[in-house]
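Reading through the C-alpha cells given below for one structure.
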Amino acid sequence: MIMDTHMHTCFSSDATMKLQEAIAQSGELGIGITITEHMDLAYPEPGQFIFDVDAYFREYGPYRNERLLLGVEIGMRPDCLEDNRKLAKGYPFDYIIGSVHVINNIDLYWQSFYEGRTKKEIYTCYFDSMLECVAGHDFIHSLGHIDYIARYAPFADTNVYYEEFKEQIDPVLTLLAKREQALEINTKRPLTPDALRLLVPVYQRFAELGGRYVTIGSDAHRASEIGRDFAAAFDFAAHCGLRPVWFQEGKPRYMRRD
Ligand SMILES: [Zn+2]
Ligand SMILES: [Zn+2]
C-alpha cells in the first residue's frame, strides 16, 4: 500500500480541510493516509499551532483503520523537549514527525528571523538547531522536511547545497540512522529534476551512514494536494538506496507501489 504520511486537517491552525474530504480524496487515489496535525508547544503566538489532542482522538478515533492513521507533527525546540515527550508518550499516536519550525522563539516563516544575517549564518544556525532538537527528541519516528528553511528564506537562491553544509547535516543524519529513525521526503516543494538533484546527496549520504527508512508526505493542507509527486518520491528513494515506510502504532511498515 501507498501511504501519504503527512497532512493537516482542521485541527491544525493553518488548515481547513475536513477529515471527510481527506478520506474521499485518498479513496479516489487508492492510497492510505496519516493525519499529522501541527503541535508547536510554546508557539510565540498564544493558541496558534496547538490542538486539543483528546478531541482529536475522540472525533477521528472512530474512523481510524489500516488506511487512516492518526499521527502528529511536533514542532521540536529544546525548551519544549520534556513537554513534547510527555505528549508523545501520553497518546496512542501511530506516527510522530519531528520538525523545526521555530528557532529562538521566532517562526522561520517570519522575515524578522533573517534580518541582517547571511545565508551561511542562517542555514548554519538552522542545522545546528536541528541537531540539538533531534538529539533530544529520540521519540520521533521521522524528521520532517529537512529543507524547510528553503521554503521561506528571503535569499535569491534558497536551496540547501549539501556540500556547503555537510558539517552540520552529517551529524543529524548519523543520529537518525543510528536510531533507525526515518528521513522524510516532503513533496510540498515540487520534486522537479533540479530539486531532486539537490536532494540526492543528502539522502544518499543518509543511506551511506546506515539510514534505511524514508517516509513520504505531501504536507497537504487541502485535499487536492494529497499524494502529490509520490511517483517521483518513490523513484528518488530507490535511487538513493532507501526504503519508503509508514508507521503504524509506532512500527515501520514497508510501502509498496502495487
Ligand atoms: Zn512542518
Ligand atoms: Zn506539516
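Could you sort T174, T124, T215 by accessible area so the largest value comes first, with the probe set to 1.4 Å?
From most accessible down to least: T174, T124, T215.
Quick one: length gained pulling D138 to R197 fully straight, 0.36 nm per residue minus the C-alpha distance?
That works out to 18.3 nm of additional length.
With only Lys, Arg, Asp and Glu charged, each at its Cβ (+1 for the first two, -1 for the last two), find how big the charge dipole of the chain is about the Cα centre; round to the nearest 20 debye.
Computed about the Cα centre, the dipole is about 640 debye.
At 0.36 nm per residue, and after removing the present C-alpha to C-alpha distance, how many nm does the segment from Q204 to H239 gain when stretched out fully?
Working: separation 35, 0.36 × 35 = 12.60 nm, distance 0.83 nm.
Roughly 11.8 nm would be gained on extension.
Less than 15 Å Cβ to Cβ from D4, Lys/Arg counted +1 and Asp/Glu -1: what total charge do the surrounding residues give?
Net charge around D4: -3.
Could you tell me the convex hull volume per residue, in Å³, taken over the Cα atoms of region 128-202? Display every interim value, and only then the final one.
Details: hull volume 7.3 nm³, N = 75.
Output value, Cα hull per residue: 98 Å³.
About the Cα centre, and with charges only on the beta carbon of Lys, Arg (+1) and Asp, Glu (-1), how big is the dipole of region 111-258? Nearest 20 debye, please.
Approximately 440 debye in magnitude.
Please give the FRET efficiency for K18 paired with Y152, using the beta carbon to beta carbon distance and R0 = 35 Å, rounded to the nearest 0.05. Working shown, then result.
Working: r = 27 Å, r/R0 = 0.77.
Approximately 0.85, to the nearest 0.05.
Under 1.5 on a/c is rounded, so check that first for region 8-85, then, if it is not, pick prolate when a/b is larger than b/c and oblate when it is not; a ≥ b ≥ c are the square roots of the alpha carbon gyration tensor eigenvalues.
Note, shape of region 8-85 comes out prolate.
From zero outward in steps of 10 Å, how is the percent of C-alpha pairs of the chain spread across the bins?
All Cα pairs considered, the percentages come to 7, 33, 39, 19, 2, 0.
Evaluate the relative contact order of region 3-254 (contact order divided by residue number), counting alpha-carbon pairs under 8 angstrom at least 6 apart; express in whole percent.
For region 3-254, the relative contact order is 21 percent.
Does region 68-214 classify as rounded, prolate or oblate by the C-alpha gyration tensor (a ≥ b ≥ c root eigenvalues; a/c under 1.5 gives rounded; else a/b over b/c gives prolate, otherwise oblate)?
Numbers: a/c = 1.62, a/b = 1.22, b/c = 1.32.
It comes out oblate by the Cα gyration axes.
Could you please report the charge total around G227, scoring K, R as +1 and D, E as -1 over all other residues with beta-carbon less than 14 angstrom from its beta-carbon? Walk me through the intermediate numbers first.
Values: positive: R67, K188, R222, R228, R257; negative: D4, E21, E28, D219, E225, D229.
Result for the neighbourhood of G227: -1.
With θ taken as phi - 60° and the coefficients 6.51, -1.76 and 1.60, list the Karplus ³J(HN,Hα) couplings across region 157-172 in order, rounded to whole Hz; mark glycine and proline as x.
10, 8, 4, 8, 9, 3, 4, 6, 10, 5, 4, 8, 6, 4, x, 5
With point charges of +1 on the Cβ of Lys and Arg and -1 on the Cβ of Asp and Glu, referenced to the Cα centre of the chain, which listed residue (A231, Q48, G217) lies farthest in the positive direction of the dipole?
A231
Using a probe radius of 1.4 Å on heavy atoms only, what accessible surface per residue do you get for region 161-258? Whole Å² is fine.
Per-residue value: 46 Å².
The values are calculated or read from the model by the stated rules, or taken from the named source; none is laboratory data. Just so you know, these numbers come straight off a predicted model, no measurement behind them. Note that we place each Cβ from the backbone using ideal geometry, even for glycine, and neighbour counts take in every protein chain shown. Remember, those area values only see protein heavy atoms, side chains included, never the ligands or the DNA or RNA. Shrake-Rupley method; radii C 1.70, N 1.55, O 1.52, S 1.80 Å.
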